[in-house]
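The values are calculated or read from the model by the stated rules, or taken from the named source; none is laboratory data. Everything quoted here is computed from the prediction, not taken from an experiment. FYI the Cβ positions are ideal-geometry reconstructions off the backbone, even for glycines, and counts take in every protein chain you see.
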Amino acid sequence: MYPNLEVQTSLNAYLCGALVADRNTQNGLSVRLYDLLMANDFCALRELFHAFFASIPNDWYRSNTIARYEGYYASVFYSYFASLGMQVIAEDVTDKGRIDMSVLFNDQVYLFEFKVVEDSPAGGALAQIKARDYAAKYRSRGEPIHLVGVEFSRQSRNIVGFEVERD
């Protein structure tokens, strides 16, 4: 819990900056993220996050097992969105489970599910959002809802699957 939005945004901007060696690159990617969400350009959004994960130095994975866990990948996404001051809800509780991350932005809802492919079959992220009908929580808002399944590989330490459907 954060005392206010300014503290939340500042902390997440700092964390996001710490993940990338070149701060100019991080700033440019943040602006691009905002623009891509405004346009709902999900193909370019996938490429943006792929580039972001590719920019994390290899040495940061040495002597730790962080890349094995779904939470690592989810926290990178969370920090990126939260650093822009967007309304982000991690582990968003519903009557059928938890949405890994919900983003409420520009009068639209984005529901993200993250999976590590070595732990679940390909396509499992989007399938879970649909099977558990996570969108039901937000339908009464009358806003477009985007279901985003993102899959990662421990071996490549990057995105290997990115599926989007509109509810």
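Give the residue that is farthest from Glu165 (Cα to Cα), with candidates limited to residues of the range 38-60 that are free of Cβ contacts under 8 Å to residues at least 60 places away in the same chain and part of a loop (DSSP other than H, G, I, E, B).
Pro57
When only residues in the range 39-70 that are of a type in the set (D, E, K, R) and under 17 Å from Phe114 (Cβ atoms) count, which is modelled with the highest pLDDT? Please lay out each step first, then the result.
Start the filter on the range 39-70 by keeping residues that are of a type in the set (D, E, K, R), which leaves 41, 46-47, 59, 62, 68, 70.
Now narrow it down to the ones that are under 17 Å from Phe114 (Cβ atoms): 46, 68, 70.
Working: Arg46: 96, Arg68: 78, Glu70: 87.
The extreme case among them is Arg46.
Being under 16 Å from Ile145 (Cβ atoms) and either surrounded by fewer than 16 Cβ atoms within 10 Å (Cβ to Cβ) or in contact with a Leu (Cβ under 6 Å, 6 or more places away or on another chain) (or both) narrows it down to one of Asp107, Asp100, Asp95, so name that one.
Details: Asp100 fails: either surrounded by fewer than 16 Cβ atoms within 10 Å (Cβ to Cβ) or in contact with a Leu (Cβ under 6 Å, 6 or more places away or on another chain) (or both); Asp95 fails: under 16 Å from Ile145 (Cβ atoms).
Result of the check over Asp107, Asp100, Asp95: Asp107.
Sort out which residues of the range 66-118 are out of contact with any Ser or Thr (no Cβ under 9 Å at 6 or more places or on another chain), of a type in the set (Phe, Trp, Tyr) and assigned to a helix (DSSP H, G or I), and write them in order of number.
Scanning the range 66-118 gives Tyr72, Tyr73, Phe77, Tyr78, Phe81.
Between a residue in the range 61-80 that is surrounded by fewer than 18 Cβ atoms within 10 Å (Cβ to Cβ) and any residue that is in a loop (DSSP other than H, G, I, E, B), which pairs come within a Cβ distance under 7 Å, given they are 6 or more apart or on different chains?
Going by the 7 Å Cβ cut-off, the qualifying pairs are Tyr61/Arg157; Arg68/Arg154.
Restrict the check to the range 126-139 and report whether at least one residue is buried (at least 18 other Cβ atoms within 10 Å of the Cβ) and under 18 Å from Leu36 (Cα atoms). Step through it out loud before you land on a result.
Our first condition is that a residue be buried (at least 18 other Cβ atoms within 10 Å of the Cβ); within the range 126-139, this holds for 126, 128-129, 134-135, 137-138.
Subsequent filtering for residues that are under 18 Å from Leu36 (Cα atoms) retains none.
No - not one qualifying residue is present in the range 126-139.
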